[in-house]
Amino acid sequence: MLKLDFHPASRHFLQIPGPSPVPDRILRAMSYPTIDHRGPEFGELGLKVLDGIKKIFKTQQPVVIYPASGTGAWEAALSNTLSSGDHVLMFETGHFATLWKKMAENLGLKPEFLGLPGIEGWRRGVQSQMIEERLRADTQHSIKAVCVVHNETSTGITSDIAAVRRAIDAAGHPALLLVDTISGLACADYRHDEWGVDVTVSGSQKGLMLPPGISFNAISQKAIAASKQAKLPRSFWDWTDIVGMNKTGYWPYTPNTNLLYGAERSA
């Protein structure tokens, strides 16, 4: 048995970029008995969690919750909005931006990686003027999405997402805006609706101070419209049935009940 309760400081205490330490009140909530995820009590829990998480994203739009890590929510964001061979514009700000680009390649997309030369790209974050210039040059609108990391864990850089939205609008380009705020949500200011983000990706184990295991897609109406045309294969990640069942507080698969207890307390 792991001796996690026998540390010299009397308890195991995480001091890493993530996962974050989980407060006792959340651990206690997660210790409640697992209930029937098709019963009436669960529906009440689901509605409360879904309402609370919208406030954290600062959105009135649906927030999809997956029993998965943030990597799963990355894939959900891409697979629900894009088709094989689609051109996506991404910005290199560190390790996790690079991993998201690799995933896009693995899914059959064609990512284009913008960035400042050398180490400067890891010091200054997303350069919105570079995005605007590239989108202005894309007169055929072949770029279907712009993907950026809000808060890059590996470098500590927080980027100005509102400026990225202004750049897209200034270029008069219809590309979707997809944002990873896995280490930014509930730590730094984030405004899904006000900043015009189409899909926001996040996870449970950073600012929400939950254990790893649930992740999120906050989705705009434009993203939902794009999902009806997207052709990348998806089943588990598909928003359609999830959003439909979420209206009554349920999911189309077995959800992570005990983490949802913690999420209700965290939100």
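The values are calculated or read from the model by the stated rules, or taken from the named source; none is laboratory data. Because the structure is predicted, anything quoted here is derived from the model rather than measured. FYI the Cβ positions are ideal-geometry reconstructions off the backbone, even for glycines, and counts take in every protein chain you see.
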task = Please indicate, with yes or no, whether at least one residue in the stretch 135-142 is touching a strand residue (DSSP E or B) at 6+ places or on another chain (Cβ under 8 Å), surrounded by fewer than 22 Cβ atoms within 10 Å (Cβ to Cβ) and among the hydroxyl-bearing types (Ser, Thr, Tyr).
result = yes
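Condition check ((1) at pLDDT 95 or above; (2) among the charged types (D, E, K, R); (3) farther than 15 Å from Gln61 by Cα) across all residues:
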site	(1), (2), (3)
Asn217	yes, no, no
Ala223	yes, no, no
Arg234	yes, yes, yes
Trp239	yes, no, no
Asn246	yes, no, no
Ala263	yes, no, yes
request  = Residues being touching a His at 6+ places or on another chain (Cβ under 8 Å), surrounded by fewer than 17 Cβ atoms within 10 Å (Cβ to Cβ) and within 18 Å of Arg124 (Cα to Cα): count how many of those fall in the stretch 143-194.
outcome  = 2
message = Being surrounded by fewer than 17 Cβ atoms within 10 Å (Cβ to Cβ) and farther than 20 Å from Tyr253 by Cβ: is that true of Gly52 here?
response = yes
key: Matching entry among Gly18, Gly43 (being of a type in the set (Gly, Ala, Ser) and in contact with a strand residue (DSSP E or B) (Cβ under 9 Å, 6 or more places away or on another chain))   = Gly18
message = Just checking: which of the strands (runs of 3 or more DSSP E) contained wholly in the stretch 142-253 hold 2 or more residues that are more than 15 Å from the chain's Cα centre (by Cα)?
response = 143-149
key: Residue count for the stretch 115-130, restricted to those that are more than 29 Å from Ser20 (Cα to Cα) and over 21 Å from the mean Cα position of the chain (by Cα)   = 6
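Quick grid of which residues meet (1) within 17 Å of Val49 (Cα to Cα); (2) of a type in the set (Phe, Trp, Tyr); (3) in contact (Cβ under 8 Å) with a residue 60 or more places away in the chain; (4) crowded, with 19+ Cβ neighbours inside 10 Å:
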residue: Asp198; (1), (2), (3), (4): no, no, yes, yes
residue: Lys206; (1), (2), (3), (4): no, no, yes, yes
residue: Pro211; (1), (2), (3), (4): yes, no, yes, no
residue: Phe216; (1), (2), (3), (4): yes, yes, yes, yes
residue: Ser220; (1), (2), (3), (4): no, no, yes, yes
residue: Lys228; (1), (2), (3), (4): no, no, no, no
residue: Pro233; (1), (2), (3), (4): no, no, yes, no
